[in-house]
Amino acid sequence: MRGKLALKALCGYAAGLVLVGALIFLPAGTLSFPRGWLFLCVLFLPMLVMGLVMLVKAPDLLKRRLENKEKEQTQKTVVALSGLMFLAGFVLCGLDFRFGWTQLPLWVTHLAAIAFLFGYGMYAKVLRENSYLSRTVKVEAEQTVIDTGLYGIIRHPMYTATVLMFVMIPLILGSLAALPVFLVYPVIIVLRIRNEEQVLKAELRGYAEYCTRVKYRLLPHIW
């Protein structure tokens, strides 16, 4: 059981690494793209550590995180839009480096990398707080509402973490030109949250009452 899970996770990890690397370095036309290597490090090294920790301490959570087949049509649309955004964004970052359109100073890259890792830390905390966290929108029979920790402040802290991380991607890669593409992500997440909350209110006992106590979805005092 755990061996099959580890193999599935490893295959997904390797495929993601190769795909993202190709989307960055092929348009750049070279492997001599230091910011590209920095991004791969800040994205995939923490991912490897988190995956190993989940495999040892929370294999059920890792299994949930590897699920990627959405049932809701709205969520399928969200996944497709996200995929197109990442495809266009990574390619544009590589082309920007290749042709030198809007290269940002290194200090912006370094600050963005720190912010990205902060978002990763927040993401890891959310995984510790919510063992039902799946990549797909669904409610399990034994699932309960989590209303402590970050979930006592905002209803979707995982999405807050990913918004911070993904908006930092073009800045880590030094491309101002690609920033508008990645700024589409918060809009996509708003669409996902609206549909997800409809499902949770209908299927997860106590979620509607939780929404009356924790009013903000992504950012305290904003939305």
Treating only Lys and Arg (+1) and Asp and Glu (-1) as charged, each at its beta carbon, one finds that segment 141-223 has a dipole about its Cα centre, in Debye to the nearest 20, of 200
Where the only charges are on Cβ atoms (+1 Lys, Arg; -1 Asp, Glu), what is the dipole of segment 2-213 about its Cα centre, to the nearest 20 debye? 380
What does the charge count near Y210 come to, summing +1 for each Lys or Arg and -1 for each Asp or Glu among other residues with Cβ under 9 Å from its Cβ? 0
Multiplying the sequence separation of L106 and R128 by 0.36 nm and subtracting their Cα-Cα distance, what value in nm do you get? 4.6 nm
Rounded to whole Å, give me the distance from the Cα center of segment 12-44 to that of segment 141-156. 34
Most mobile listed residue (Y185, Y159, Y210) in the chain, GNM with C-alpha springs under 10 Å: Y210
Where Rh denotes the Kirkwood radius from the mean inverse Cα pair distance, what is Rg over Rh for segment 23-182? 1.00
Pairs over 32 Å Cα to Cα, from K63/K201; K76/K125; K4/K215, come to K4/K215
Ellipticity estimate at 222 nm from DSSP helix runs (n ≥ 4, -39,500 (n - 2.57)) divided over the chain, nearest 500: -23500 deg cm²/dmol
Indicate the gyration tensor shape class of segment 103-218 (rounded, prolate or oblate), computed on the Cα atoms with a ≥ b ≥ c the square roots of the eigenvalues: a/c under 1.5 is rounded; otherwise a/b larger than b/c is prolate and the rest oblate. prolate
Separation between the W37 and A88 pseudo-spin-labels, each 7 Å from Cα along Cα→Cβ, expressed in nm? 3.1
Sort out the exposed loop trypsin sites (Lys or Arg not before Pro) in the chain (DSSP loop, at most 15 other Cβ within 10 Å) and tell me the longest stretch that has none. 136-204
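All of the numbers you see were taken from the coordinates with simple rules; none came from a lab. The model shown is predicted, which means the values in this text are computed figures rather than measured ones. Counting neighbours? That spans all protein chains shown, and the Cβs are built from the backbone with ideal geometry, glycine included.
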